[in-house]
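One structure below.
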Amino acid sequence: MGKSAAPAINLGIGEKDRARIAAGLSNLLADTYTLYLMTHNFHWNVKGPMFQTLHLMFEAQYNELALAVDLIAERIRALGFPAPGTYAAYAKLTSIPEPEGVPEATDMIRQLVKGQEAVVRTARKLFPVVDKARDEPSADLLTQRMQLHEKNAWMLRSLLEK
């Protein structure tokens, strides 16, 4: 018995739109993974009077990000495209700069606020494409990611307020 080809993808979203959405989700995946690495790095290396608070907060955030990268990658696959999965690919696709050295705790917080907000901007930029294609599952994913990252940015920013 010979192998038969997989059936063509027929989700009600044309291939060009699926390709544009998958490309945008690849940027979101790269930003999310880069933020995951940064957050995990800061979790390991934070020190100072806010150590316990930040160590635990960073851990909760990187654990959530680890789950998020899977959801984003699976959505890209469901649209029929390969999900990027290498450091080299993420370095090309991300909008988040990697930290240099080990910053002080307050600089870690500032960098994480910027990272959280970068993820929101990446998701927001893709939203009109997803909306136009009537891709509700991707829209739902983007909405959830934006809501979470906006909340995380607010919580982190609050730590810097007097």
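The values are calculated or read from the model by the stated rules, or taken from the named source; none is laboratory data. None of the values given here were measured: they were computed from a predicted structure. With ideal geometry, Cβ positions are generated from the backbone for all residues, glycine too; neighbour counts draw on all protein chains shown.
Tabulated data for the structure shown
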{"read-out": "Residue among 94, 86 that is out of contact with any His (no Cβ under 8 Å at 6 or more places or on another chain), closer than 22 Å to residue 58 by Cα and either at pLDDT 95 or above or exposed (fewer than 13 other Cβ atoms within 10 Å of the Cβ) (or both)", "value": "94"}
{"read-out": "Test for residue 145: is it assigned to a helix (DSSP H, G or I), in contact with a helix residue (DSSP H, G or I) (Cβ under 8 Å, 6 or more places away or on another chain) and farther than 17 Å from residue 59 by Cα", "value": "yes"}
{"read-out": "Close pairs (9 angstrom Cβ cut-off, 6 or more residues apart or separate chains): closer than 15 Å to residue 109 by Cβ in the range 52-65, surrounded by 12 or more Cβ atoms within 10 Å (Cβ to Cβ) and of a type in the set (Ser, Thr, Tyr) anywhere", "value": "58/39; 59/39; 61/36; 61/39; 62/36; 62/39"}
{"read-out": "Of residues in the range 35-59 being of a type in the set (A, V, I, L, M) and surrounded by 14 or more Cβ atoms within 10 Å (Cβ to Cβ), the one nearest to the chain's Cα centre (by Cα)", "value": "35"}
{"read-out": "Options 83, 91: the member that is aliphatic (A, V, I, L, M) and assigned to a helix (DSSP H, G or I)", "value": "91"}
{"read-out": "Selected residue (only one of 110, 124, 145 is surrounded by fewer than 17 Cβ atoms within 10 Å (Cβ to Cβ), at pLDDT 95 or above, more than 11 Å from residue 21 (Cα to Cα) and under 13 Å from the mean Cα position of the chain (by Cα))", "value": "124"}
{"read-out": "Long-range neighbours under 7 Å by Cβ, at least six apart or interchain, first residue more than 18 Å from residue 11 (Cβ to Cβ) within the range 117-140, second modelled with pLDDT of 95 or more and among the acidic types (Asp, Glu)", "value": "118/31; 119/31; 120/150; 122/31"}
{"read-out": "Pair list, Cβ < 8 Å and 6+ apart or interchain, from the range 18-30 residues that are surrounded by fewer than 21 Cβ atoms within 10 Å (Cβ to Cβ) and assigned to a helix (DSSP H, G or I) to residues that are at pLDDT below 95 and hydrophobic (A, V, I, L, M, F, W, C)", "value": "18/9; 18/11"}
